[in-house]
Amino acid sequence: MGQTRSGMQGTRRLLKHQLMLAYEVPTAEPEEWDYATANTKTHTHGYHTYPAMMIPQVARRLIRLYGEPGQTLLDPFCGSGTSLVEARLAGLHAYGVDINPFAIFLARTKTTLYNPERIRLCMRQLEAGLNSTLVAKQSEGAQPHQKTNLEVPQFFNIDYWFLPQVQIQLAVLRKAIHTTVPPELRDFFWVAFAHTVRECSNVRKGEYKLFRMLQESLESYQPDVVGTFWTKVVSNLQGLVEFYEQADPTTRVEVLHADMRQRLPLEDACIDLVVTSPPYGDSQTTVAYGQFSRLALQWMGFSDDDAKRIDREALGGRPRPSHTSYRSATLSATLKMIAEHDVRRARQVQQFYDDFTDCFGEIARVCRPGAYGCFVVGNRTVKQVRIPTDQILREIAECFGWHHQVTYHRRIPNKRMPLRNSPSNIPGVVGDTMTEEHIVVLRKSGGRSRSFRSASNGDSRLRHIFCEELP
Ligand SMILES: C[S@@+](CC[C@H](N)C(=O)[O-])C[C@H]1O[C@@H](n2cnc3c(N)ncnc32)[C@H](O)[C@@H]1O
């Protein structure tokens with residue numbers, strides 16, 4: 001029997017509620033936010049590693065505390081999409097934004113509800129396709145190191161990062177994915193391919209930056225390309241099944257390849273909740289997202305330039321005019337202390353926070369009055385000066401009409417980011433130690449915040465921000 005519209009909405013709400021209940025952890029939340037022993041690779045979270053990933057348990061808890069099913073979440077620095085996956089699991093719609101095309105690719109794939117049965121079918125076709133390509137190659141009489149007519153990409157330094165036989169096997173794999181998997185399902189397999197590229201490259205394992213293995217280690221190095229790929233496909237399929245069964249199919253996720261300093265293609269006041277972990281600082285001296293992503297992007301057809309541009313384009317990557325009318329008092333004091341040691345470094349740090357202020361302006365525009373914003377930030381050290389980003393963020397937010405609610409603290413228990421970073425790009429030379437992060441919860445008030453003189457037709461980089469007394 002047909003249902004009325006309100007009847008259908010009621011059924012949908014009930015379904016969402018049931019999904020939430022099924023998904024809810026039966027035990028009470030722990031006091032602290034460390035989740036030191038929690039499994040962070042459930043659902044699609046284990047598809048592919050990414051630097052400074054958010055812990056799913058943190059995103060889940062924040063969504064449960066500050067969001068409701070049916071609302072819309074934004075992650076303005078979504079990276080591999082942890083909070084977007086959690087949004088779908090909790091029945092929220094979501095937008096993700098990132099400047100890194102590799103992050104966009106991961107976030108889209110991790111939030112897509114591929115039908116596991118179709119994936120299983122593709123696995124069989126791919127296996128057959130792979131075998132026939134290998135047989136064809138052998139019948140050409142090609143030696144393992146000969147590239148023959150396989151399309152090995154010709155990017156800069158490919159021979160430095162990949163052994164000849166690895167290049168051949170990756171090319172075989174790439175061709176088989178292209179020829180046997182329907183386009184709408186390919187990304188599921190490209191994720192496992194990207195993992196294989198990294199695992200089987202000459203990059204030292206356990207690093208996010210690109211450092212090559214020592215020559216003596218390379219002499220006996222024989223990575224199993226096809227085996228690595230299948231192991232990853234099988235484990236990702238397990239994660240997909242879990243996600244497919246538990247995610248709310250009525251939710252929508254949109255992942256935008258965009259720069260948060262610019263205006264997003266989103267309406268004013270369309271967002272109810274922000275859950276995000278912004279970069280800790282500029283990519284050159286903190287977490288090199290671009291370097292991490294480069295080899296996989298090059299194998300997936302992006303140009304050398306596209307891949308290299310990411311770190312320059314991320315927050316704090318370029319010199320820029322500073323916000324003259326607006327200054328966080330804490331930031332000013334911190335910059336002064338850094339400048340006593342090194343004026344150039346102080347300018348770079350300022351660049352980063354100026355960029356971040358532009359991003360916050362855009363976040364503030366798209367959030368509705370009363371929206372919550374949850375920001376996971378770290379207080380890094382530059383020139384022995386600790387930068388209290390949690391406090392700086394509060395002060396920036398207050399200028400946009402947001403109010404601080406609470407800050408939770410968590411120890412960083414695992415290796416999801418380089419605790420000691422390598423600002424110099426020299427292997428083994430490390431910078432500061434960061435063992436704690438802060439979850440700053442803010443709320444947008446009903447008061448107004450205004451931005452004046454949006455210079456050069458909305459180029460938010462030159463915007464001057466004025467604080468207003470809130471009612
Ligand atoms: C800490 S990571 C986010 C990790 C994410 N929470 C996850 O779980 O994978 C910060 C992200 O900010 C992105 N980013 C840096 N500058 C940006 C900008 N101007 N606009 C949008 N995203 C940017 C980086 O590419 C990176 O993916």
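Quick check on Val233: is it touching an Asp or Glu at 6+ places or on another chain (Cβ under 9 Å), within 25 Å of His45 (Cβ to Cβ) and surrounded by 15 or more Cβ atoms within 10 Å (Cβ to Cβ)? Reasoning before the result, please.
Numbers: touching an Asp or Glu at 6+ places or on another chain (Cβ under 9 Å): no; within 25 Å of His45 (Cβ to Cβ): yes; surrounded by 15 or more Cβ atoms within 10 Å (Cβ to Cβ): yes.
In short, no.
Quick check: anything in segment 269-289 away from the ligand (no atom under 16 Å from the Cβ) and either assigned to a loop (DSSP other than H, G, I, E, B) or among the small types (Gly, Ala, Ser) (or both)?
Narrowing segment 269-289 to residues away from the ligand (no atom under 16 Å from the Cβ): 269-270, 272.
Within this subset, residues satisfying the condition of being either assigned to a loop (DSSP other than H, G, I, E, B) or among the small types (Gly, Ala, Ser) (or both) are 269-270.
Yes.
Taking segment 291-310 only, how many residues are within 12 Å of the ligand (Cβ to nearest atom) and either among the polar types (S, T, N, Q) or crowded, with 24+ Cβ neighbours inside 10 Å (or both)?
So in segment 291-310, the residues within 12 Å of the ligand (Cβ to nearest atom) come out as 291-293, 309-310.
Adding the requirement that they be either among the polar types (S, T, N, Q) or crowded, with 24+ Cβ neighbours inside 10 Å (or both) leaves 291-293, 310.
Residues in segment 291-310 being within 12 Å of the ligand (Cβ to nearest atom) and either among the polar types (S, T, N, Q) or crowded, with 24+ Cβ neighbours inside 10 Å (or both): 4 in total.
Does segment 33-43 contain at least one residue that is at pLDDT 95 or above and within 26 Å of Ala371 (Cβ to Cβ)?
Within segment 33-43, one or more residues are at pLDDT 95 or above and within 26 Å of Ala371 (Cβ to Cβ).
Name the helices (runs of 4 or more DSSP H) wholly inside segment 291-389 in which the number of residues that are closer than 20 Å to Met434 by Cα and within 25 Å of the chain's Cα centre (by Cα) is 2 or more. Please lay out each step first, then the result.
Values: elements: 304-313, 329-341, 343-366.
Those helices (runs of 4 or more DSSP H) span 343-366.
Determine whether segment 58-76 contains at least one residue that is in a loop (DSSP other than H, G, I, E, B), outside the structural domain of Ser235 (by TED's automatic domain parsing) and either under 9 Å from the mean Cα position of the chain (by Cα) or within 19 Å of Ile412 (Cα to Cα) (or both). Steps first, please.
Taking segment 58-76 as the starting set, the residues that turn out to be in a loop (DSSP other than H, G, I, E, B) are 67-71, 76.
After this cut, where a residue has to be outside the structural domain of Ser235 (by TED's automatic domain parsing) as well, the list is 67-71, 76.
Those still in the list that are either under 9 Å from the mean Cα position of the chain (by Cα) or within 19 Å of Ile412 (Cα to Cα) (or both) too: none.
Checking segment 58-76: not a single residue is in a loop (DSSP other than H, G, I, E, B), outside the structural domain of Ser235 (by TED's automatic domain parsing) and either under 9 Å from the mean Cα position of the chain (by Cα) or within 19 Å of Ile412 (Cα to Cα) (or both).
For segment 183-212, give me each residue that is farther than 20 Å from Leu106 by Cβ and in a loop (DSSP other than H, G, I, E, B).
If the condition is that a residue be farther than 20 Å from Leu106 by Cβ and in a loop (DSSP other than H, G, I, E, B), then Asn202, Arg204, Phe211 are the ones that fit.
For Gly70, are the conditions met, namely being within 27 Å of Phe375 (Cα to Cα) and either among the charged types (D, E, K, R) or crowded, with 20+ Cβ neighbours inside 10 Å (or both)? Quick ask: steps written out before the conclusion?
On the way: within 27 Å of Phe375 (Cα to Cα): yes; either among the charged types (D, E, K, R) or crowded, with 20+ Cβ neighbours inside 10 Å (or both): no.
Answer is no for this residue.
Checking the condition touching a helix residue (DSSP H, G or I) at 6+ places or on another chain (Cβ under 6 Å), surrounded by 15 or more Cβ atoms within 10 Å (Cβ to Cβ) and under 24 Å from Phe352 (Cβ atoms), which residue from Val253, Val275 passes? If you could, list the steps in order and put the result at the bottom.
Details: Val253 fails: under 24 Å from Phe352 (Cβ atoms).
Just a single option satisfies the conditions, and that option is Val275.
Inside segment 65-101, can you point out the residues that are closer than 14 Å to Val366 by Cβ and among the charged types (D, E, K, R)?
Asp75
When you look at Asp354, is it closer than 18 Å to Cys399 by Cβ, charged (D, E, K, R), touching a Gly at 6+ places or on another chain (Cβ under 9 Å) and in contact (Cβ under 8 Å) with a residue 12 or more places away in the chain, yes or no? Don't jump to the end; show me each part of the working.
Details: closer than 18 Å to Cys399 by Cβ: yes; charged (D, E, K, R): yes; touching a Gly at 6+ places or on another chain (Cβ under 9 Å): yes; in contact (Cβ under 8 Å) with a residue 12 or more places away in the chain: yes.
Yes.
Leu264 versus (1) away from the ligand (no atom under 13 Å from the Cβ); (2) touching a Lys or Arg at 6+ places or on another chain (Cβ under 9 Å); (3) part of a loop (DSSP other than H, G, I, E, B): which is the lone unmet condition?
Leu264 satisfies every listed condition except (1).
Applying the selection to segment 50-63, what residues are closer than 16 Å to Pro30 by Cβ and either touching a helix residue (DSSP H, G or I) at 6+ places or on another chain (Cβ under 7 Å) or hydrophobic (A, V, I, L, M, F, W, C) (or both)?
Step one: list which residues in segment 50-63 are closer than 16 Å to Pro30 by Cβ, which gives 55-62.
Residues satisfying the conditions are Ile55, Pro56, Val58, Ala59, Arg60, Leu62.
Inspect all residues belonging to segment 84-94 and state whether any of them is within 30 Å of Arg294 (Cβ to Cβ), within 12 Å of the ligand (Cβ to nearest atom) and basic (Lys, Arg).
Keep residues of segment 84-94 that are within 30 Å of Arg294 (Cβ to Cβ), which gives 84-88, 94.
So of that shortlist, the ones also within 12 Å of the ligand (Cβ to nearest atom) come out as 84-86.
Narrowing further to those that are basic (Lys, Arg): none.
Among the residues of segment 84-94, not one is within 30 Å of Arg294 (Cβ to Cβ), within 12 Å of the ligand (Cβ to nearest atom) and basic (Lys, Arg), which makes the answer no.
Looking at segment 244-261 only, could you name the residues that are within 26 Å of Val441 (Cβ to Cβ) and within 15 Å of the ligand (Cβ to nearest atom)?
Matches in segment 244-261: Val253, Glu254, Val255, Leu256, Ala258, Asp259, Met260, Arg261.
Mind checking whether some residue in segment 235-243 is part of a loop (DSSP other than H, G, I, E, B) and within 16 Å of the ligand (Cβ to nearest atom)? First the steps, then the outcome.
So the first thing to find is which residues in segment 235-243 are part of a loop (DSSP other than H, G, I, E, B), and the list is none.
So far as segment 235-243 goes, no, none of its residues is part of a loop (DSSP other than H, G, I, E, B) and within 16 Å of the ligand (Cβ to nearest atom).
Only one of these conditions is not met by Ser322: (1) in contact with a Pro (Cβ under 8 Å, 6 or more places away or on another chain); (2) modelled with pLDDT under 80; (3) more than 15 Å from the ligand (Cβ to nearest atom). Which number is it?
The failed condition is (1).
Which number in (1) assigned by TED's automatic domain parsing to the domain that holds Leu74; (2) crowded, with 23+ Cβ neighbours inside 10 Å marks the one condition that Arg261 misses?
(2)
Which one is modelled with the lowest pLDDT, of the residues in segment 398-438 that are part of a strand (DSSP E or B) and among the hydroxyl-bearing types (Ser, Thr, Tyr)? Can you show your working first?
Pass one, segment 398-438, residues part of a strand (DSSP E or B): 402-411, 420, 433, 436-438.
Checking the rest, the ones that are also among the hydroxyl-bearing types (Ser, Thr, Tyr) come to 407-408, 433.
On the way: Thr407: 96, Tyr408: 96, Thr433: 57.
Checking each candidate, the answer is Thr433.
Could you run through segment 26-52 and say how many residues are crowded, with 19+ Cβ neighbours inside 10 Å and either within 13 Å of the ligand (Cβ to nearest atom) or under 27 Å from Gln291 (Cα atoms) (or both)?
8
The values are calculated or read from the model by the stated rules, or taken from the named source; none is laboratory data. Quick caveat: nothing in here was measured; it's all calculated off a predicted structure. All Cβ positions, glycine included, derive from the backbone under ideal geometry; neighbour counts span all protein chains shown.
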